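Let me begin by presenting the structure, written as structure tokens, before commenting on it.
The values are calculated or read from the model by the stated rules, or taken from the named source; none is laboratory data. Values in this document were obtained by computation on a predicted structure and should not be read as measured data. Don't worry about glycine lacking a Cβ; one is built from the backbone with ideal geometry, like all the others, and counts go over all protein chains shown.
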Amino acid sequence: MHAVILDAASLGPDVDLSPIEKRVTRLTRHDFTTADEAVDRLAEADVAIVNKVKLSAETLEALPRLRLICVLATGTNNIDMTAAERLGIPVRNVTAYGTASVAQHSLMMILALAARLPRYQNDVAQGHWNTSPFFCLLEHRTLQLEDKHLVIVGQGELGNRVGKLAEAIGMRVSFAARPGSRADDDHRPSLDELAPMADVVSLHCPLTEATRHLVDAAMLARLKPAALLVNCARGGIIDEAAALDSLRDNRLGGLGVDVLPEEPPVNGHLLLDALEEPLNLIVTPHNAWITPEARQRIVELTAKNLES
């Protein structure tokens, strides 16, 4: 069985691929591959192993030898799933590999925003502490998280883990109803209902038509002015422009995102531009999942997919 990894560099240079190598006759590794290069590189492959390379219907139709697609991620939106099913090519993804990694990143954002870390770091960098009339700076009102209310959208493994971490520091946790679900099969309150009572909102749901711009200007207006908003799910679940407006107008206490609608943001993004402003804003480069343990777990789960 000949397997070809199209974008191995997306796993990082320190990941051990031997669990995959042990389950195939031959493994060909490419660090980066464009969609246009996929057909040539997979021409002799029985198995395609991909992270974010797009495999269109046209590409799959040109690969009669292909027997399996292993995705090095949970999302399969880069694969034409309809074409793969029509052609009889199974697609296997990996799940729950980065729960601990993403959960700690989400909590880090909540803690940092609550402490107004971006604003105080900027003050220190600008020399304001050096010229303070007394021993500390306290211009920015912080938020003690104990006894505060965290509302989580997404009650899967990741959302539940974030909830447990939040409870460990004394927060009260509520889960909002699954966006797009029918009222008769989901009895949890909606985000719209919970928003006025939330001190922190953390998003851990997939991007669907039901969740696109779930947190828009109207939803932001329902939040407390000091509320914190964290998105470690998918770009586009929040209306980033509306959230930035709320942050600038002090109608939102803090904003942390690990994801943007376009990744990498080759055309820029308004949140990236806003990092130059003295705002309680954190933007990380979709790296909540990248602990070495999580990346190695992807390899191990992919090896199991190959074995099965």
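What residue, of Ile89, Ile5, is in contact (Cβ under 8 Å) with a residue 24 or more places away in the chain and more than 20 Å from Ile298 (Cβ to Cβ)? Spell out how you get there, then give the answer.
Values: Ile5 fails: more than 20 Å from Ile298 (Cβ to Cβ).
The match here is Ile89.
Going through (1) within 24 Å of the chain's Cα centre (by Cα); (2) part of a loop (DSSP other than H, G, I, E, B) one by one, Asp147 falls short only on (1).
With segment 157-256 as the region, which helices (runs of 4 or more DSSP H) entirely inside it contain at least 2 residues that are in contact (Cβ under 8 Å) with a residue 40 or more places away in the chain and not charged (D, E, K, R)? Steps first, answer last, please.
Working: elements: 157-168, 191-194, 217-222, 240-248.
Here the list reads 157-168, 191-194.
Take the residues in segment 219-231 that are touching a Gly at 6+ places or on another chain (Cβ under 8 Å) and not small (Gly, Ala, Ser), then tell me which one is nearest to Asn77 (Cα to Cα).
Of the residues in segment 219-231, the ones touching a Gly at 6+ places or on another chain (Cβ under 8 Å) are 224-231.
Now drop any that are not not small (Gly, Ala, Ser), which leaves 224-225, 228-231.
Values: Lys224: 35, Pro225: 36, Leu228: 30, Leu229: 26, Val230: 23, Asn231: 19 Å.
Here the answer is Asn231.
Ala96 passes every criterion in (1) outside any loop (DSSP other than H, G, I, E, B); (2) under 25 Å from the mean Cα position of the chain (by Cα); (3) in contact (Cβ under 8 Å) with a residue 24 or more places away in the chain apart from (1). For Val53, the requirement of being modelled with pLDDT of 95 or more, touching an Asp or Glu at 6+ places or on another chain (Cβ under 6 Å), among the β-branched types (Val, Ile, Thr) and buried (at least 18 other Cβ atoms within 10 Å of the Cβ) is met.
Could you identify the single residue in Asn250, Asn267, Asn231 that is surrounded by 16 or more Cβ atoms within 10 Å (Cβ to Cβ) and assigned by TED's automatic domain parsing to the domain that holds Asn122? Let's see the steps before the verdict.
Values: Asn250 fails: surrounded by 16 or more Cβ atoms within 10 Å (Cβ to Cβ); Asn267 fails: surrounded by 16 or more Cβ atoms within 10 Å (Cβ to Cβ).
From the options Asn250, Asn267, Asn231, the qualifying one is Asn231.
Please enumerate the residues belonging to segment 273-308 that are outside any loop (DSSP other than H, G, I, E, B), over 17 Å from the mean Cα position of the chain (by Cα) and aliphatic (A, V, I, L, M). Within segment 273-308, Ala274, Val299, Leu301, Ala303, Leu306 meet the criteria. Mind listing just one residue for me: the one in segment 195-215 that is surrounded by fewer than 21 Cβ atoms within 10 Å (Cβ to Cβ) and touching a strand residue (DSSP E or B) at 6+ places or on another chain (Cβ under 9 Å) and, of those, nearest to Leu111 (Cα to Cα)? Top of the filtered list is Met197.
The residue of segment 173-194 that is nearest to Val257 (Cα to Cα), among those that are loosely packed, with under 15 Cβ neighbours inside 10 Å and at pLDDT 90 or above, is Asp192. Going through segment 120-140 one residue at a time, which ones are closer than 22 Å to Val283 by Cβ and either assigned to a loop (DSSP other than H, G, I, E, B) or touching an Asp or Glu at 6+ places or on another chain (Cβ under 8 Å) (or both)? Residues satisfying the conditions are Asp123, Gln126, His140.
Hey, can you tell me all the residues within segment 275-288 that are more than 9 Å from Asp258 (Cβ to Cβ) and surrounded by 17 or more Cβ atoms within 10 Å (Cβ to Cβ)?
Here is the first cut: in segment 275-288, the residues more than 9 Å from Asp258 (Cβ to Cβ) are 275-281.
Result: Leu279, Asn280, Leu281.
Taken as a whole, segment 65-75 holds at least one residue that is in contact with a helix residue (DSSP H, G or I) (Cβ under 7 Å, 6 or more places away or on another chain), closer than 30 Å to Arg161 by Cα and not in a loop (DSSP other than H, G, I, E, B).
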